[in-house]
Each structure stands twice: as structure tokens, then as C-alpha cells.
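Each value in this text was obtained by applying a stated rule to the coordinates, not by laboratory testing. Nothing here was measured: the structure is a model prediction, and the numbers come from that model. Cβ placement follows ideal geometry from the backbone for every residue including glycine, while neighbour counts extend to all protein chains displayed.
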Amino acid sequence: MGAQTAKIAILGGGAMGSVFAGLFAETGHEVTIVSRAGAHMDAIRANGLRLDGASGDRRVQVRALDTPPSEEFDLIILATKATQVEAAVGSLAPMIGEATSILAMQNGLGAADIVAGHVDAHRLAVGIAAAFGASVVSPGYAHHTGMGAIKIGAYRDMADEKTAQIADLWCSASFKAEAVSDILTMQWEKLICNASFSAPCAITGLTVGEALTDPALGSICLQAGIETWEIARACGVPLTVTDPEAHVHAFAERVAAAKPSLLQDVEAGRPSEIDFINGAVPREAAKMGLKAPVNQTLSAIVKAIEAKRGA
Ligand SMILES: NC(=O)C1=CN([C@@H]2O[C@H](COP(=O)(O)OP(=O)(O)OC[C@H]3O[C@@H](n4cnc5c(N)ncnc54)[C@H](OP(=O)(O)O)[C@@H]3O)[C@@H](O)[C@H]2O)C=CC1
Ligand SMILES: CC(C)(CO)C(=O)C(=O)O
């Protein structure tokens, strides 16, 4: 994979996929978005992709396809929701060659395990994007409020040299990317933040900042994060976070105005990632014979809201 001009496919051209496509294309990489047919893809084909926000404002020409092409890529970035990964990876085979790497960029826990059921572990990496606050504003136009760190690590068997090459590729496109040796730690440390806000905001309609400063709800947000931290420790995850409350506060300060994507999904009547975020905590706890009542309760409420709305 040459960092100069890599051939990159982005599977899932929504909020994050558009941010990735915009910056990689602006740098001169050969970018193809493969997504479901819709107005956003039509607009990109007609007028290019406009991306603005924390990284600047530009319009780039990007190849946009509704179905996977039969050609090999250096890197395939999976940018669908975790709930959509199973269907999306089923279509990957024609795009995978001997040297292809696949990077799963979903929040929460469990999406990469689904991908691993379909592709060789030596080509699979996991990526974590922090504090992007990305959204598709209108067809052909995506925005992101922040641009935090991107951590990239082997799912299991990918060589360190390969994860370093992938991180270099992201850095070439102005992302603050870094290859890490323990991606599981990073996943849990991001999950502590997402679990604190995803369900509480989805239930109430509040932004991250509003939820944390609400006198009663703020304490529930923190309890969800602290419980996630406790379960990670019980599972033997070598966390670097020693003060989960401070960790959650620091995250909330950076994305105070953001509506978590789980709230956006609930509002739009789309299936949410609740099973991969708050729902993942009691699931992991059960493996250790433990319970996670705060996250279990929050998850059950979100699922009941979704069921009522027919998501
Ligand atoms: N948005 C953000 O700020 C952040 C998001 N994340 C995480 O990144 C991941 C992606 O989130 P986000 O970009 O917001 O999600 P979006 O819903 O905006 O984008 C997902 C895209 O994938 C498309 N898609 C669905 N199924 C398929 C398929 N089978 N093949 C190809 N494309 C498909 C969707 O199409 P359709 O619209 O038709 O469903 C949609 O365009 C999530 O795990 C999220 O939690 C992480 C950090 C920040
Ligand atoms: C802001 C938020 C909560 C959006 O889902 C997020 O996960 C991120 O950008 O890191």
C-alpha cells in the first residue's frame, strides 16, 4: 500500500464515510464510495462531494457506486452502522485481492467480530474515530464538528507493519491517526464515552452537553460510563483510564453540542446500534458472571422505544 496514491474503497457513504472520502480524495488517493442507492450518492455523482467542518471546506470529485465493483483495492474501509455490517461484508469478496486490508470503523463492541466471520483475520484491522460529530446535512453535503484521533489496530493477526502502513495512509490525508498495539483497550475506552451518552440522549432527545448538565440525568450518564469502566476492568482489559468520571467529562466537553448517532437513528426511525453500545456492556458482563444493571436498563428502554416506533 503506497501512501502516495492508494486505491481506497469506502463501504457505506453516510456521515463518516463521506468525511473519509472527502479527505482521502482531496489528498489525491483513488477513492470509491460504495453505498446504497439514494439521494446522497446521486448528488455526489452529479456535483461531487462537499465536505466542511473541522477540516475545512472543499468539494471533491469521488467515484460513487451503488454496488461493489469487481476490482481489487488496497484498503476497504467499512463505514456502515454496526447493524449493517453483516449485510455489507457479504458483498466484499470481489473487492478483495491478495494485498487488500479491511478496516472496520464502527463504534461499540461486536462489529469487527461479525466482519471476522467473513474475511481472513490477517487482513482485518479495527479503527476508532473519536469526536468527529459527523452528519450528512443534505444530499451531496457532509459536515463534521470535530476531528479527534483515529486509532488503528490489528483485529487479531494483522502484522504491526501493516497497521503502521494503514495509519500512515490516514495521516497522509490529514487525519490524526496512530497505529496501536491494543485496540481492545481503545474500543472500551471509547465505549465508556458512548455508553454514557448514547442511550440517555436517545431516550430524552438531549445533546451530550445537555444530558450531562441535567441535574438528574447527568448522574445516570456518569453511572453508565463508570459501570462500563468497571466491567472492562473485570474482563481484564488493560485500561489506561484511571478516572472514568473525568474521562467522560473530557469527552463531553469536546462534543457537547453533538446528538449521538444513536439518538439520530431513533429520531429517524432507523434501527440503532444499541446492542453494540449500551447493550454490549451487560453482554460482556455476563461472560464474567456479572451484571451491568445501569446499561441493561438503558438498553431495554431504547429497545422498547424502537419496538414501539417499529424501527
Ligand atoms: N457520525 C459520527 O460522528 C460518528 C460515527 N461513528 C461510528 O461510525 C459508524 C458509521 O456511522 P455514520 O457514518 O454516522 O452512519 P451513517 O448511517 O451516516 O452511514 C452509514 C452508511 O452506510 C450505508 N449502508 C448501509 N448498508 C450498506 C451496505 N450493505 N452496503 C453499503 N452501504 C451501506 C448507509 O446507507 P442508508 O443510508 O441507505 O442506510 C449509510 O449511507 C457507526 O458505527 C458510528 O457509531 C464513530 C464516530 C463518530
Ligand atoms: C459525537 C459522537 C457521540 C457521535 O456519535 C461520537 O461518537 C464521536 O464523534 O466520537
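Taking the chain as a Gaussian network, Cα atoms linked when under 10 Å apart, which of ALA25, ALA64, ALA93 shows the biggest mean-square fluctuation?
ALA93
Suppose each label sits 7 Å from its Cα in the direction of the beta carbon; what would the SER70-ALA286 distance come out to in nanometres?
Here the modelled spin labels are 4.3 nm apart.
In nm, to one decimal, how far is the modelled label at THR240 from the one at GLU161, with both set 7 Å along Cα→Cβ?
Using points 7 Å along Cα→Cβ, the separation is 2.6 nm.
In whole angstrom, note down how far apart the Cα centers of the stretch 83-136 and the stretch 1-53 are.
Answer, in whole Å: 16.
With the cut-off at 27 Å, tell me which of the pairs LYS7/LYS162; LYS151/LYS303; LYS190/LYS308; LYS162/LYS287; LYS81/LYS176; LYS151/LYS308 have Cα atoms farther apart than that.
Violating the 27 Å limit, Cα to Cα: LYS151/LYS303; LYS190/LYS308; LYS162/LYS287; LYS151/LYS308.
Can you bin the stretch 233-311 into rounded, prolate or oblate? Criterion: square roots of the alpha carbon gyration tensor eigenvalues sorted a ≥ b ≥ c, rounded for a/c under 1.5, prolate for a/b above b/c, oblate for the rest.
It is oblate, given that a/c is not under 1.5 and a/b is not larger than b/c.
Hey, quick one: spin label on ASP113, modelled 7 Å out along Cα-Cβ, who in the stretch 261-299 has an amide N within reach, i.e. under 14 Å?
275-289
With springs only between Cα atoms under 10 Å apart, run a GNM on the chain and tell me which of GLY279, GLY28, GLY48 wobbles the most.
Taking springs between Cα atoms under 10 Å, the residue moving most is GLY28.
With a ≥ b ≥ c taken as the square roots of the eigenvalues of the C-alpha gyration tensor of the stretch 1-103, please select rounded if a/c is under 1.5 and otherwise prolate if a/b is larger than b/c or oblate if it is not?
oblate
If each residue of separation counts as 0.36 nm, what is the full-extension length gain between SER91 and ILE305 once their alpha-carbon separation is subtracted?
The SER91-ILE305 span can extend by a further 73.9 nm.
Most mobile of PRO271, PRO94, PRO260 per a Gaussian network model of the chain (Cα springs, under 10 Å)?
Looking only at PRO271, PRO94, PRO260, the largest GNM fluctuation is found for PRO94.
Largest first, please: the extent of the C-alpha atoms of the stretch 7-181 along each principal axis, to the nearest Å.
On the principal axes, the stretch 7-181 reaches 40, 31, 28 Å in Cα extent.
Which order results if CYS193, CYS235 are arranged by neighbouring Cβ count within 10 Å, fewest first?
CYS235, CYS193
Can you put VAL281, VAL294 in order of Cβ neighbours within 10 angstrom, beginning with the fewest?
Final ranking by Cβ density, sparse to dense: VAL294, VAL281.
Antiparallel as a % of all DSSP beta bridges within the chain, to the nearest 5?
Once the DSSP bridges in the chain are tallied, antiparallel ones form about 35 percent.
Tell me, LYS176, LYS303 in order of fewest to most beta-carbon neighbours within 10 Å?
With the sparsest Cβ surroundings first, the list reads LYS176, LYS303.
Work out, step by step, the length gained on full extension between ASP168 and GLU267: first 0.36 nm times the residue separation, then minus their alpha carbon distance; give nm to one decimal.
Roughly 31.9 nm would be gained on extension.
Rounded to the nearest 500, what is the 222 nm mean residue ellipticity of the chain from helices alone, with -39500 (n - 2.57) per DSSP H run of 4+ residues and division by all residues?
Theoretical 222 nm ellipticity from helices: -13500 deg cm²/dmol.
Give the distance, in whole Å, between the Cα centre of the stretch 262-311 and the Cα centre of the stretch 140-214.
Cα centroid to Cα centroid, the span is 19 Å.
Quick one: if you stick a label point 7 Å off each Cα along the C-beta vector at ALA256 and ARG233, how many nm between them?
2.9
If we count every other residue with Cβ under 13 angstrom of ALA224's Cβ, Lys/Arg +1 and Asp/Glu -1, where does the sum land?
My count for the surroundings of ALA224 gives -3.
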